[in-house]
Amino acid sequence: MAKRVHASIETRDLIRRCQRGDTLAIEALIRRYQNYVFRLCVLVMRNEQDAEDMTQETFMRACRALPRFEIREGTSFEAWLYRIAVNCCRSRMRRKWYQVLPWPDPAPQIVAPPDAQPDRMVEQGEWRDEIVDAIHSLGEKHRLVVILRYYAGLSNEEIAQTLRIPSGTVRSRLHTARQRLKELLSDQVGRREQASMSREVAR
């Protein structure tokens, strides 16, 4: 019963209860965000085992830091939590030689920027892997803003909070990333059309 009650509480009130030492509130807060954090870590790490480790590390760090989290206007708990997750992933990738592995099956769902690919790509599930691969071909600073904007659904201001960079930098990186994705995905369209024409000629 207590778990169901906590599940209906708004996040800000839940945080206040956590800060007062309510262990059930802490459990409820973790349940509320653990899937989002895990999927974000999968997108950054491209490895489910590492993502599980980083999800646990994220909540360990978050619980230690939560008493110092300030609930005020303009502060996003999601941005705060995702910043911890991104920093955990970055630390893991710096600590060891990191091998890029194939996407787990099924690959995480991700919404592609609507102006970053030919229209028909959005409607064809077969393009999902191409979109994800294109995103991961970007440099880290551009890759992270795309993941946080189009997967995590953060606003430019929240991304700025998460990465601790100016909002103008976020907009600039997103613009550059969209242009690069458009080029990469247009190349994919061209290759597919060329392969399709080759098959038709060979018949």
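For region 150-165, putting each phi into the Karplus relation 6.51 cos²θ - 1.76 cosθ + 1.60 with θ = phi - 60° gives couplings of 9, 9, 6, x, 6, 6, 4, 5, 5, 5, 4, 5, 4, 8, 6, 10 Hz, in residue order, rounded to whole numbers and with x for Gly and Pro.
In sequence order, region 131-141 has phi-based couplings of 5, 5, 4, 5, 4, 7, 7, 6, x, 4, 5 Hz under the Karplus curve 6.51 cos²θ - 1.76 cosθ + 1.60, θ = phi - 60°, and Gly or Pro positions carry x. Relative contact order of region 21-102, taken over Cα pairs closer than 8 Å and 6 or more residues apart, is 35 percent.
For Leu184, Leu174, what's the largest-to-smallest order of accessible area, 1.4 Å probe? Walk me through the numbers on the way to the answer.
On the way: Leu184 35, Leu174 5 Å².
So the residues, ranked largest to smallest area, are Leu184, Leu174.
The values are calculated or read from the model by the stated rules, or taken from the named source; none is laboratory data. Predicted model, so just to flag it, every value in this text is computed and none were measured. In case anyone asks, the SASA skips ligands and DNA or RNA and just uses the protein heavy atoms, side chains included. Shrake-Rupley method; radii C 1.70, N 1.55, O 1.52, S 1.80 Å.
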